[in-house]
Amino acid sequence: MAGVQDQLEIKFRLFDGSDIGPKAFPAAASVATLKESILAQWPKEKDNGPKTVKDVKLISAGKILENNRTVGECRSPLCDIPGGVTTMHVVVQPSSVDKEKKAANQSKQNKCVCVIL
């Protein structure tokens, strides 16, 4: 019975309301492992999908989960329903490198130089 309690059924709610999962994860699994699972299972037909683990943020019980924490550490007592499924929300944010590239491209395009003689 202890082995069953060390497993959590988790489904991931995407930004459009669709879900990935549910899938069983051990309580000792890291949040980074969950994110890797999301990357592997991301629907190919969805645009703007994450490219790396750094592009994904997971939210559970109103808190952003850190990569180095385990699923067991992030578990909320309010969500602990025996046999229940925990829903985690997935937020996709492009990495800062992509943002910097876009900002650099926009600043190059928006430059205007005026010379008055």
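The values are calculated or read from the model by the stated rules, or taken from the named source; none is laboratory data. As the structure is a computational prediction, the values presented were derived from the model and not from experiment. Because the Cβ atoms are built from the backbone with ideal geometry, glycine has one as well, and the counts that use them run over all protein chains shown. Surface areas here come from the heavy atoms of the whole protein model, side chains and all, with no ligands, DNA or RNA. Shrake-Rupley method; radii C 1.70, N 1.55, O 1.52, S 1.80 Å.
At least 3 residues being more than 15 Å from M88 (Cα to Cα) is the threshold, and among the strands (runs of 3 or more DSSP E) wholly inside the range 3-71 not one reaches it.
Filtering the range 84-92 for residues that are touching a Pro at 6+ places or on another chain (Cβ under 7 Å) and modelled with pLDDT under 90 leaves a non-empty set. Residues in the range 96-117 include none that are in contact with a strand residue (DSSP E or B) (Cβ under 7 Å, 6 or more places away or on another chain), modelled with pLDDT under 75 and open to solvent by 50 Å² or more (accessible area, probe 1.4 Å).
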